[in-house]
Amino acid sequence: ASFVTQTAVTGGEDALVGNVNKLMVSPPGYSGTPRKGHLVFDACFESGNLGRVDYISEFEFDLFIRPDTCNPRFRVWFNFTVENVRETQRVIFNVVNFSKTKSLYRDGMSPVVKSTSRPKWQRLPAKNVYYYRCPDHRRNYVMSFAFCFDREDDVYQFAYCYPYTYSRLQHYLASLERRNLPYLQREQLGLSVQQRRLDLLTITNSEREKKLVFLTARVHPGESPASFICQGVIDFLVSHHPVAQILRDHVIFKIVPMLNPDGVYLGNYRCSLMGFDLNRHWQDPSPWAHPTLHAVKQLIVQMNQDPRVSLEFYIDVHAHSTMLNGFMYGNVFEDEERVQRQAVFPRLLCQNAPDFSFSNTSFNRDVVKAGTGRRFLGGLLDDTSYCYTLEVSFYSYMTAGSTAPVPYTEETYMKLGRNVARTFLDYYKLNNFVKDNRPTPIQRKKCMRSCCPPPPFFSPQFKFLSLIVL
């Protein structure tokens with residue numbers, strides 16, 4: 001590969017408009033042949049984000065997040081690779097330009113890492129991660145982490161959270177289509193500004209008059225846990241599980257797995273290609289500036305006007321950067337009975353999912369949230385419909401009786417999705433249709449409470465995650 005060598009950097013943070021591209025960072029004044037240990041940084045790949053690297057010393061590098069395209073306000077998501085490392089090379093990476101002050105890094109969250117010889121994402125040990133206000137960077141908050149490279153031929157990848165790319169979604173949906181399931185329909189609802197697919201899945205045994213549940217995810221592209229939850233929902237609903245079969249008989253599920261495919265592809269945290277936070281434009285989306293949102297809103301308005309369609313749920317899936325567990329936001333109503341009815345689904349989900357917190361669930365009418373899907377559709381749909389935002393922590397969850405947070409994995413995010421789908425059985429009181437009314441395997445959950453600690457998250461083969469003393 002060809003490398004661009006950097007020995008000095010000029011220009012402020014506002015100059016960050018693109019990702020580093022195979023950037024070799026050498027000591028200042030060095031002009032000889034590049035050596036092992038002169039690190040090569042790259043973020044020119046799907047969902048990549050790293051705008052600039054400053055050499056501080058042989059052991060220390062300042063890293064700058066590239067802001068969202070056309071919107072310098074948002075700098076949270078990072079996803080980059082490092083290669084040309086020296087075995088046992090120890091470094092400190094300082095991510096110096098976060099746009100948020102509150103962060104789960106204060107509560108033990110850490111970046112995720114993988115390498116070519118160990119392709120499974122792992123979280124760095126929390127003891128190697130520091131989050132603090134730094135006088136050297138306009139008193140911005142800085143996240144520093146220590147790391148020891150252990151294999152010279154490996155390419156290492158670091159990210160804010162487990163990435164879930166547009167291409168990964170397309171491969172997943174293509175694999176579902178190849179199964180030719182009679183109860184699954186995939187269609188292209190529209191195209192993004194950059195001509196990426198806006199996919200719509202319909203999962204049901206027949207589209208006769210039934211209750212309809214509409215679910216969307218990834219309107220905020222950096223909130224990758226939402227995609228794992230969404231895949232968990234889909235995986236369960238298309239499975240041969242008896243509960244899934246009953247749900248398909250009685251409910252129509254319509255799912256838009258990725259509302260902002262351009263933002264996801266570009267490695268943005270919150271915005272679309274043109275710098276819009278799409279979740280503030282539900283009231284009047286533009287067909288040219290917000291085409292994906294416009295297409296979804298059009299479909300929902302059309303279904304709402306169809307007397308044959310009973311649209312009962314809208315759930316928009318997000319990830320949260322400062323809170324633990326899964327939880328929901330709902331709307332505020334004057335009618336007390338409607339308020340109580342709206343609380344039923346979160347209460348049932350709390351019983352089915354050990355990581356879901358009803359105490360963190362809240363109902364609000366904040367002015368700043370007026371353009372969100374939950375708020376807009378809550379005003380559009382009638383009083384038999386419920387609109388929620390489902391949030392899940394970027395980091396971890398506490399269970400009843402546990403003393404320490406349990407970090408989420410890709411699998412536990414998907415498990416929450418499966419439990420969301422399962423909860424509709426209880427909500428619609430369809431338990432009588434389960435054979436002999438016996439609990440099914442998904443109801444007999446493996447205990448994830450403190451009495452049954454989860455398996456260790458670090459296996460011995462991941463030596464590069466060991467404590468580093470510089």
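Derivation of every value follows stated rules applied to the coordinates shown; laboratory data play no part. Just so we're clear, the structure is a prediction, and the values are computed from it rather than from any experiment. We place every Cβ from the backbone using ideal geometry, glycine too, and count neighbours over all the protein chains shown.
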Entries in LYS297/LYS429; LYS210/LYS254; LYS36/LYS114; LYS127/LYS415; LYS22/LYS114; LYS100/LYS415 that, when Cα-Cα distance is taken, lie over 24 Å: LYS297/LYS429; LYS127/LYS415; LYS100/LYS415
Cα shape, region 276-385, gyration tensor, a/c 1.5 rule: oblate
Rh (Kirkwood; distinct C-alpha pairs) - the chain, Å: 23.5
Would you calculate the volume per residue, in Å³, of the smallest convex hull containing every Cα atom of region 309-364? 104
What whole-number value in cubic angstrom gives the convex hull volume per residue for the C-alpha atoms of region 337-396? 100
Gain in length, ARG341 to ARG90, computed as 0.36 nm per residue apart minus the alpha-carbon separation, to one decimal in nm? 84.8 nm
Is the shape of region 190-235 rounded, prolate or oblate, going by the alpha carbon gyration tensor and its root eigenvalues a ≥ b ≥ c, with a/c under 1.5 for rounded and a/b larger than b/c for prolate? oblate
May I ask for the distance between the Cα centers of region 300-333 and region 397-436, given as a whole number of Å? 18
Sort the following peptides by mean Cβ neighbour count (other Cβ atoms within 10 Å, averaged over residues), highest first: 393-403, 156-166, 241-251, 279-289. 156-166, 241-251, 393-403, 279-289
